[in-house]
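Worksheet for the structure shown next.
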Amino acid sequence: MCGICGAVWTSAQKQVDLETLNRATNALTKRGPDDCSVMCVPLDQGVPLEEKGVGLGHRRLAIIDLSSAGRQPFVNDAQTVYMTFNGEIYNYVEIREELKRRGRTFRTETDVEVLMKLYEEYGVDCLPKLNGMFALAIWDARERRLLLARDRIGKKPLVYRLESDRLLFASELKALKEFPNMPREIDLVALRQYFTYQYVPHPRTIYRGVSKLPPASYLLWQEGAEPKIERYWRLEDVGNFSDRFPPTDEDVDRLTQSGALGAAAFGERFNDVNPLFYARSFEETKAELRRRLEDAVRLRMRCDVPFGAFLSGGIDSTIVVGLMRKFSSSKIRTFSIGFSQKEFDETPFARRTAERFGVDHEEFFVEPDAEAILPSLAAQYDEPFADSSAIPTWYLCEMTRREVTVALGGDGGDELFCGYDRYKAVKLSQYLERLPRALRRFLAGPVRNMLPNSVVQRSVWRRGRRFLETLGMDALEQYLQWIAIFNRSRLDALLSDDYWSACPEDETWDCCDFLRDAFVKFDRRDLTTAISFVDVLTYLPCDIMTKVDIASMRSSLETRAPLLDPNVLELALQIPLDYKLKGKRGKHILREACADLIPAEIDARPKTGFGVPLDAWFRGPLNKTLRETLLDPSTKRAPYFNADFVERLIREHEESQFDHSARLWTLLVFRLWESQQ
């Protein structure tokens, strides 16, 4: 796990010298405290470095082969290929054996050398072969091209800026800021996205002219050619599982004897992503899922430093710890964080799981000091990021790093196996769409108005009112209404005339576009499955992965997510909805595949989030900070926001008329971030 940065330039005016490259690299020290190295090489032999050159920087967190053999930037034996790499390649042992059979030899035990030789063997086509989390940069002097790439789900970040005669890149924006003349102008479309989703979606960043490389993508820069961005893996294409999971003769008979599908057409339709043609039984799929989960956990236990696991007391982390116990000859170390507020404290459930598996379990109890942590939180995330669960994640990573260097977690289970309550709501809304329009209007109007108007964010009544008011909406508009921090009407009320006047006329963006771009890829799937896949492409990389990466790297802790292993991921994407969501039971097949690992009380407990009591904080200890930050005269005169609307949100929240905590947190985080720019 590391931090990377670099540049390629073709003009003396755009040269990046070693001093600048060192500053940018050292801005990433938290990502890699164990070593630092930079190098610059000419773009062409005989051409002065200042005119045309490539610079690469690397900060190392040593995980595999702790010797200096893994030092980066890494150079091949012929000194024609240079690489700086952030992440881990979990299947590097298997790849190395394959390359040895092809005649390759190795001088280190590192995954970085394996990656280098894999690139030498296959070029850009090496990327789909990687099972890991990574952001990488490879300068190939033979082809005179720079390759940037990112893993399938976007676990590791990569930002870049394309200029005339220069390309800059880094793991984080803070490193890019060390390059001279980096723009600091806020991208106003990105700002609107932030207040909708609580994060800035790729490919934008909060700064105009700076971008994020999307997950499962690579960027190729070559002198004299237009830079191009391509996807090397497409989630929507996953559906051809015949190589690993071929249909049997019985499958063919079952689907053809009904007359609904001719035998000649079976081969073509079997590979369609439509789950109607998923030909394996629940029991067969369950067994295959368990096998792939075991492989994923086993691979992620490869490291040469102390490791452990986060244990929240939920289904996903319980499964990960249970499987780790199977593959470990010594006690597994697990870590949980607890809070005094009972509704936010999961330690009793984590303790029960720890007792079940006989692990070495540690609990850290903290009183989150939001006022103290907020400035550091805003600075560490580089751009506005308002998922408040970053606070407990921050504390958990900090405490865990005191004991281990690597921690496995359960991220991804909810998105892949329909664990969120909102997927049940999507499924229910589809049933209600079959009702006569008049009845739906009655439900959305009089029936909704009869429900109590609770101020409690997660109350059944509040969720019921929000669900009923969206009946009849377009499916994506409905979903956006459920997940948006500021929905359309509130966003219009928040943004001032000054904001709209400053927006470039050629940059139109609708609130729903980010979801819609993902949704169109899954129009052959049922709506609930399609929405869950939209989350895999949007919410998972932009929110969950970002939150965990930045919080963990701030403490120099590497985190690994077995449930997002490509083989688990690709199977999960093929599984029909009724295997995942059975009645009100989300993650049905995941629970059944690992039933022997899950204590009954863990299986029976309702879904809970990893959160903090924002609503109470804004009426209590954070109220002064909130008012001083958002209602300060200089702030109120600032552009972008309607001050009267912001003041109304605060007043309604203070008087318990409505729970605006998520909106107020989003505003507060932005203002604190902005004040540090």
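Restricting the first member to region 26-45 and to residues that are free of Cβ contacts under 8 Å to residues at least 24 places away in the same chain and under 29 Å from Glu143 (Cα atoms), and the second to residues that are open to solvent by less than 30 Å² (accessible area, probe 1.4 Å) and in a strand (DSSP E or B), the beta-carbon pairs closer than 6 Å and six or more apart or on different chains are Pro42/Gly53. Checking the condition under 21 Å from Ala600 (Cα atoms) and touching a helix residue (DSSP H, G or I) at 6+ places or on another chain (Cβ under 7 Å), which residue from Ser317, Ser336 passes? Ser336 is the lone residue from the list that is under 21 Å from Ala600 (Cα atoms) and touching a helix residue (DSSP H, G or I) at 6+ places or on another chain (Cβ under 7 Å).
Taking region 162-220 as the range and being outside any strand (DSSP E or B) and of a type in the set (D, E, K, R) as the test, the residues that pass are Asp165, Glu172, Lys174, Lys177, Glu178, Arg184, Glu185, Asp187, Arg192, Arg208.
For region 49-59, what are the residues that are assigned to a loop (DSSP other than H, G, I, E, B) and either modelled with pLDDT under 85 or touching a helix residue (DSSP H, G or I) at 6+ places or on another chain (Cβ under 8 Å) (or both)? Once the filter is applied, which keeps residues that are assigned to a loop (DSSP other than H, G, I, E, B) and either modelled with pLDDT under 85 or touching a helix residue (DSSP H, G or I) at 6+ places or on another chain (Cβ under 8 Å) (or both), region 49-59 yields Glu50, Glu51. When region 29-42 is filtered for residues that are in a helix (DSSP H, G or I) and surrounded by 17 or more Cβ atoms within 10 Å (Cβ to Cβ), the ones remaining, listed by number, are Lys30, Arg31. Across region 646-667, the qualifying residues are those that are touching a residue at least 60 places away in the same chain (Cβ under 8 Å) and open to solvent by 20 Å² or more (accessible area, probe 1.4 Å), and the one among them that is nearest to Gly314 (Cα to Cα) is Ala662. Ile64 falls short on exactly one of the conditions (1) touching an Asp or Glu at 6+ places or on another chain (Cβ under 8 Å); (2) at pLDDT 95 or above, and that condition is (2). Hey, does region 525-547 have a residue that's at positive phi and touching a residue at least 24 places away in the same chain (Cβ under 8 Å)? So far as region 525-547 goes, no, none of its residues is at positive phi and touching a residue at least 24 places away in the same chain (Cβ under 8 Å).
In this structure, does Ala7 turn out to be in a helix (DSSP H, G or I), open to solvent by less than 10 Å² (accessible area, probe 1.4 Å) and either closer than 17 Å to Leu168 by Cβ or touching a Leu at 6+ places or on another chain (Cβ under 9 Å) (or both)? When the stated conditions are applied, Ala7 does not pass them.
When residues in region 88-142 are screened for being small (Gly, Ala, Ser) and over 26 Å from Cys40 (Cα atoms), 2 of them pass.
With respect to (1) part of a helix (DSSP H, G or I); (2) closer than 21 Å to Ala7 by Cβ; (3) more than 30 Å from the chain's Cα centre (by Cα), the lone exception for Glu143 is condition (1). With respect to Glu592, determine if the residue is in contact with a Cys (Cβ under 9 Å, 6 or more places away or on another chain), at negative phi and of a type in the set (Asp, Glu). No. Within region 60-118, the set of residues being in a loop (DSSP other than H, G, I, E, B), in contact (Cβ under 8 Å) with a residue 60 or more places away in the chain and charged (D, E, K, R) comprises Asp65 only. For region 508-542, taking the residues that are within 22 Å of Ser489 (Cβ to Cβ) and charged (D, E, K, R), the one that is surrounded by the fewest Cβ atoms within 10 Å (Cβ to Cβ) is identified as Asp510.
When region 573-632 is limited to residues that are among the aromatic types (Phe, Trp, Tyr) and part of a helix (DSSP H, G or I), the one that is surrounded by the fewest Cβ atoms within 10 Å (Cβ to Cβ) turns out to be Trp617.
A single member of Gln13, Gln45 is of a type in the set (S, T, N, Q), open to solvent by 10 Å² or more (accessible area, probe 1.4 Å) and outside any helix (DSSP H, G or I), and it is Gln45. Taking the numbered list (1) at pLDDT 90 or above; (2) open to solvent by less than 20 Å² (accessible area, probe 1.4 Å); (3) part of a helix (DSSP H, G or I) in turn, Asp492 passes all entries but (2). From the list Arg150, Arg145, Arg184, Arg161, the lone residue that is within 16 Å of Gln15 (Cα to Cα) and either aromatic (Phe, Trp, Tyr) or touching a strand residue (DSSP E or B) at 6+ places or on another chain (Cβ under 7 Å) (or both) is Arg161.
Collect the residues in region 369-385 that are assigned to a helix (DSSP H, G or I) and farther than 24 Å from Ala27 by Cβ, keeping them in residue-number order.
Those that are assigned to a helix (DSSP H, G or I) and farther than 24 Å from Ala27 by Cβ: Ala370, Glu371.
Of the helices (runs of 4 or more DSSP H) lying entirely inside region 386-467, those carrying at least 1 residues that are modelled with pLDDT of 75 or more and open to solvent by 40 Å² or more (accessible area, probe 1.4 Å) are 390-401, 421-432.
Inspect all residues belonging to region 547-557 and state whether any of them is assigned to a helix (DSSP H, G or I) and small (Gly, Ala, Ser). Walk me through it before giving the result.
Taking region 547-557 as the starting set, the residues that turn out to be assigned to a helix (DSSP H, G or I) are 547-554.
Then drop every residue that is not small (Gly, Ala, Ser), which leaves 551-552.
Yes; the residues of region 547-557 include at least one that is assigned to a helix (DSSP H, G or I) and small (Gly, Ala, Ser).
Looking at Pro128, is it of a type outside the set (A, V, I, L, M), open to solvent by 10 Å² or more (accessible area, probe 1.4 Å) and under 30 Å from Phe307 (Cα atoms)? Answer is yes for this residue.
When residues in region 142-160 are screened for being surrounded by fewer than 20 Cβ atoms within 10 Å (Cβ to Cβ) and modelled with pLDDT of 95 or more, 1 of them pass.
Collect the residues in region 70-96 that are among the aliphatic types (A, V, I, L, M) and either over 14 Å from Lys117 (Cβ atoms) or open to solvent by 50 Å² or more (accessible area, probe 1.4 Å) (or both), keeping them in residue-number order. Matches in region 70-96: Ala78 only. Look at region 16-28 and say how many of its residues are part of a helix (DSSP H, G or I) and open to solvent by less than 50 Å² (accessible area, probe 1.4 Å). Total meeting the criteria: 4.
The values are calculated or read from the model by the stated rules, or taken from the named source; none is laboratory data. Bear in mind that the values here come from a model prediction, so they are computed numbers and not experimental data. Positions of Cβ are backbone-derived with ideal geometry, glycine not excepted, and every protein chain shown enters the neighbour counts. For accessibility, only protein heavy atoms count, side chains too; no ligands or nucleic acids. Shrake-Rupley method; radii C 1.70, N 1.55, O 1.52, S 1.80 Å.
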